[in-house]
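Structure first, then comments.
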Amino acid sequence: MKNNKLIKTIKPSHFMNIVWYLSPALTFVFPPLVFPTLIIAWYKFFDTENWKYTFLERTIEERRGVFSVTQEEVQYFRIKSVMIEEPLWMRFFGLCIINIITSEQFKPRLTIYAVNDGEQLKELISDMTYQWRLKMNIRDHDIYNV
């Protein structure tokens, strides 16, 4: 799209797979499990390496896959809610999970895993959502307690 300029690209941290990366070393006690855990650790490494979130002027795109690649996008004006989770083990590494609720038909939830600077990213998403809703004159009305 002509006006969809790049704002930022981020990748999940490899620390989210730390258990899979350490598991081959821990299975030397039971040698038949070494080879399968090495394959899983290899796959997890390349899965994380090929996983990225691209923040464009109009959309957020998630691209993921080692053998088969999936690319999904969410338009900012469709974002309803943004939440940050900081599990204890991720806090040690300064990472967080950002959950986004949308009104997209095929992507009602977008989860951004194991990223740094969660507050800054949440602010970026909220600001872009607000700007696009103003620009397109969109108002969100939810009916829950009627």
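The residue that is surrounded by the most Cβ atoms within 10 Å (Cβ to Cβ), counting only those in the range 64-79 that are of a type in the set (S, T, N, Q) and assigned to a strand (DSSP E or B), is Q75. Inspect all residues belonging to the range 116-132 and state whether any of them is part of a strand (DSSP E or B), among the polar types (S, T, N, Q) and either in contact with a strand residue (DSSP E or B) (Cβ under 9 Å, 6 or more places away or on another chain) or modelled with pLDDT of 95 or more (or both). No, because not a single residue in the range 116-132 is part of a strand (DSSP E or B), among the polar types (S, T, N, Q) and either in contact with a strand residue (DSSP E or B) (Cβ under 9 Å, 6 or more places away or on another chain) or modelled with pLDDT of 95 or more (or both).
Summed over the range 113-137, residues that are in contact with a Pro (Cβ under 8 Å, 6 or more places away or on another chain) and either of a type outside the set (F, W, Y) or free of Cβ contacts under 8 Å to residues at least 24 places away in the same chain (or both) total 2. Applying the criterion of being of a type in the set (S, T, Y) and surrounded by fewer than 18 Cβ atoms within 10 Å (Cβ to Cβ) to the residues of the range 101-112, the residue that is nearest to the chain's Cα centre (by Cα) is T111. Of the residues that make up the range 90-97, is at least one part of a strand (DSSP E or B) and surrounded by 18 or more Cβ atoms within 10 Å (Cβ to Cβ)? Yes, the conditions are met somewhere in the range 90-97.
Could you tell me whether Q75 is without any contact (Cβ under 8 Å) to a residue 12 or more places away in the chain, farther than 29 Å from Y43 by Cα and over 14 Å from the mean Cα position of the chain (by Cα)? Explain how you work it out, then say what you get.
Details: without any contact (Cβ under 8 Å) to a residue 12 or more places away in the chain: no; farther than 29 Å from Y43 by Cα: yes; over 14 Å from the mean Cα position of the chain (by Cα): yes.
Answer is no for this residue.
Per-residue answers, yes or no, for (1) within 27 Å of Y130 (Cα to Cα); (2) exposed (fewer than 12 other Cβ atoms within 10 Å of the Cβ):
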position	(1), (2)
F28	no, yes
P32	no, yes
Y43	no, no
K52	yes, no
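Does V82 qualify as being assigned to a loop (DSSP other than H, G, I, E, B) and among the β-branched types (V, I, T)? For V82, the condition - assigned to a loop (DSSP other than H, G, I, E, B) and among the β-branched types (V, I, T) - is not met. Only one of (1) surrounded by 13 or more Cβ atoms within 10 Å (Cβ to Cβ); (2) touching a Lys or Arg at 6+ places or on another chain (Cβ under 6 Å); (3) closer than 28 Å to W132 by Cβ fails for W20. Which number is that? Result: W20 fails condition (3) only.
The values are calculated or read from the model by the stated rules, or taken from the named source; none is laboratory data. Treat the numbers as computed from the prediction; the structure is a model and nothing was measured. No Cβ is skipped: glycine too gets one built from the backbone with ideal geometry, and neighbour counts run over all protein chains shown.
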